[in-house]
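One structure below.
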Amino acid sequence: MKIGVPREIKTQEFRVGLVPACVRELVAHGHEVLVERDAAAGIGFADDAYRAAGATVLATGEEVFAGAELIVKVKEPLPAEIARLRADQVLFTYLHLAADPTQTQGLIRSGATCIAYETVTDAHGGLPLLSPMSEVAGRMSVHVGAHCLEKEQGGAGILLGGVPGVTAAKVVVLGGGVSGTNAARVAIGFEASVTVIDKSLARLKELDLQFGAQAQTLFATSESIEHSVVNADLVIGAVLVPGGAAPKLVTRDGSVLVDIAIDQGGCFETSRPTTHSAPTYVEEGVVHYCVTNMPGAVARTSTFALNNATLPFVLALADKGWRQALRDDPHLRDGLNVQGGRIAHAAVARDLGLTHSPAESLL
């Protein structure tokens, strides 16, 4: 199979769909890999590294799309990329369609087979291709939140961990999943006062065992959220509904809001997408950090973490073809979002008010 790796064109996005080590594995399986020039220059991989791994380096993204059967990316395709997709192509990347009707309609019109990293599942009910970036975003959220609390960034001028004789900042984490747990872990490391709120009692018990007295856990109700957020210095929104839009949990309270779930529409009423070049805005006196590709700020770490998780699925798609790969693996089949102009993921169809065609019927 011919596999294409275009350079990401989203603002300040330096991650890449496949690093040279992954290319080498695919070439060893008999596949041809087409990589756009300078696709990974931002994370320190020159084109010669791809050539040494067996890839063909092409001058433009147009050439990569034109020559490939399987496109492997990181972020959702922008309009210029959607225009290059064909009905006989497979796109494997993050999509987050529930919060993006325009992209969804573009992919429907393309006729392409679009498999989303964020809805691929595993035998334990987890999201193995979302988890690596959730880990990165969760850990990053505390770093950027601490920076935003500084006075010159519009914050209240609070040091996250305080100092002897001065109270530490109050950090509230909404959601105890992968990103929320990683956020809590780092916030505890900063010696902040940490509260994690989740609607799952089982998860709260796990967090209590993991963090003990270092973090408070609360069951998610409107009252517990409102009370905690009103008194918080930093609120981290880490709520995920797989494939669907994130619920709006908070209105207008808090000193700094970091919205990890912005790819899925965001956790906060006042959230709107931002970029790494203009990451924050102030509304109602609250600093908002809502960058849609947070892990892109630490692109090298993020790329390796993502590639480690995606490579087995890329190999399956390339070795077997997408239909057989999805027939053989129900967890990869859960990643099918759009195929031949139809919506294959129930949550995406529900949130966008579109007709759902079960993935099994499209294979």
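Please treat every number below as a calculation from the coordinates, not as lab data. Please read these numbers as outputs of a predicted model, since none were measured by experiment. Cβ atoms come from the backbone with ideal geometry, glycine included; neighbour counts cover every protein chain shown.
What GluC sites (Glu not before Pro) does the stretch 91-156 have in DSSP loop regions with at most 10 other beta carbons within 10 Å? Don't skip to the end; give the middle numbers.
Details: sites: Glu118, Glu135, Glu150, Glu152; in loops: Glu150.
Nothing satisfies the criteria.
Cut-off under 26 Å on the C-alpha distance; same-chain residues fewer than 8 positions from Lys170 excluded. Which lysines are left, in chain and number order?
Correct list for Lys170: Lys151, Lys199, Lys205, Lys248.
Is there a quick way to get the dipole size of the chain? I mean about its Cα centre, with the Cβ of Lys and Arg at +1 and of Asp and Glu at -1; what is the value in debye to the nearest 20? Display every interim value, and only then the final one.
Working: 29 positive and 39 negative charges, 82 e Å.
Using Cβ point charges on Lys, Arg, Asp and Glu, the chain gives about 400 debye.
With every atom except the alpha carbons ignored, what do you get for Rg and Dmax of the stretch 131-292, in angstroms?
Looking at the stretch 131-292, its Cα Rg and Dmax stand at 14.2, 45 Å.
With each run of n ≥ 4 DSSP H residues scored as -39500 (n - 2.57), what mean residue ellipticity at 222 nm is computed for the chain after dividing by its residue count and rounding to the nearest 500 deg cm²/dmol?
Only helices count here, giving -10000 deg cm²/dmol.
With a 10 Å Cβ neighbour count serving as the proxy for reagent exposure, in which order, fewest first, do Ser361, Ser110, Ser200 appear?
Result, fewest neighbours first: Ser361, Ser200, Ser110.
Can you list residues from other chains, or at least 5 along the same chain, whose modelled amide H is less than 5 Å from the amide H of Val35?
Val5, Thr56, Val57, Leu58
Enumerate the calculated ³J(HN,Hα) couplings along the stretch 165-170 in order (Karplus 6.51 cos²θ - 1.76 cosθ + 1.60, θ = phi - 60°), each rounded to whole Hz, writing x wherever the residue is Gly or Pro.
x, 10, 4, 6, 5, 8
Answer with one residue from Ile71, Ala40, Ser255: the one whose Cα lies farthest towards the positive end of the charge dipole of the chain, charges on Cβ with Lys, Arg +1 and Asp, Glu -1.
Result: Ile71.
So which trypsin sites (Lys or Arg not before Pro) in the stretch 61-161 end up in coil per DSSP with only 16 or fewer other C-beta atoms within 10 Å?
Those satisfying the criteria are Arg86.
In terms of the Cα gyration tensor, with a ≥ b ≥ c the square roots of its eigenvalues, is the chain rounded because a/c is under 1.5, prolate because a/b exceeds b/c, or oblate?
Since a/c reaches 1.5 and a/b is larger than b/c, the shape of the chain is classed as prolate.
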